[in-house]
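Chemist: Take this structure, written in structure tokens, and hold onto it; I'll ask about it next.
The values are calculated or read from the model by the stated rules, or taken from the named source; none is laboratory data. Predicted model, so just to flag it, every value in this text is computed and none were measured. Note that each Cβ is placed from the backbone with ideal geometry, even for glycine, and that neighbours are counted across all protein chains shown.
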Amino acid sequence: MPAKKENLPVSVEEEVEQCGTITYAPEVIVIITNAAINEVAGIAGMSNASGSILSRKSSNKGIKVEMGPEEVSLDLYVVIEYDRPIQKVAQEVQENVRKAIESMTSLHVVRVDVHVQGVSFEKENTALASGARKAALDADSPKNNLADTAEETSEPEKEPAETEQARTEA
């Protein structure tokens, strides 16, 4: 059984004189959510509900916010990096987003639904491509070419016995 987190407040009751209300635009929640998602290792990016991968500039479209007067619920559409534990990454996203919103806005996060829309192989493809480029560069490097040229033009060395025999015959 997981250990209970004792540092989280069970309920927050404050005696504050009301001098007005504080409301948050959904865009504020989206910005906080996007920042919290980007802090989690293993997130390759965001996608929309239909599964199209979004660029960094339009990644806010992968976040759907439903707000009430004192609570918020979210649907997040993410792409996970290949070779990462999907369940663990998704749970980290849920927890990080919940903590960020609750600490910055005091709104209660009712739910954070993470929809894994894809798996990205970009890091592996980039690593393979850079490895192939490095191998090609190493093969074309001047150092290797000089060594190859020297081997091709030099004559094999004669053994000392053959050299001695040639001298005595002459």
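Chemist: Just checking, does the range 76-86 include any residue being surrounded by fewer than 19 Cβ atoms within 10 Å (Cβ to Cβ), farther than 13 Å from G42 by Cα, over 15 Å from the mean Cα position of the chain (by Cα) and not basic (K, R)? First the steps, then the outcome.
Modeler: Of the residues in the range 76-86, the ones surrounded by fewer than 19 Cβ atoms within 10 Å (Cβ to Cβ) are 81-86.
In the following step, the residues that additionally are farther than 13 Å from G42 by Cα were identified as none.
No: zero hits.
Chemist: Check off (1) modelled with pLDDT under 95; (2) not in a strand (DSSP E or B) for G118 and give me the number that stays unchecked.
Modeler: Just one mismatch for G118, condition (2).
Chemist: Please verify whether I53 is surrounded by 15 or more Cβ atoms within 10 Å (Cβ to Cβ) and either at pLDDT 95 or above or of a type in the set (A, V, I, L, M) (or both), treating the condition exactly as stated.
Modeler: Values: surrounded by 15 or more Cβ atoms within 10 Å (Cβ to Cβ): yes; either at pLDDT 95 or above or of a type in the set (A, V, I, L, M) (or both): yes.
Yes; evaluated as a whole, the condition is true for this residue.
Chemist: All but one of (1) surrounded by 15 or more Cβ atoms within 10 Å (Cβ to Cβ); (2) small (G, A, S); (3) at pLDDT 95 or above hold for S47; which doesn't?
Modeler: Every condition holds for S47 apart from (3).
Chemist: Within the range 30-112, considering only strands (runs of 3 or more DSSP E) that don't extend past its boundaries, which have at least 3 residues that are within 30 Å of G20 (Cα to Cα) and touching a residue at least 40 places away in the same chain (Cβ under 8 Å)? Explain how you work it out, then say what you get.
Modeler: Working: elements: 43-46, 63-67, 71-81.
In the range 30-112, the matching strands (runs of 3 or more DSSP E) lie at 71-81.
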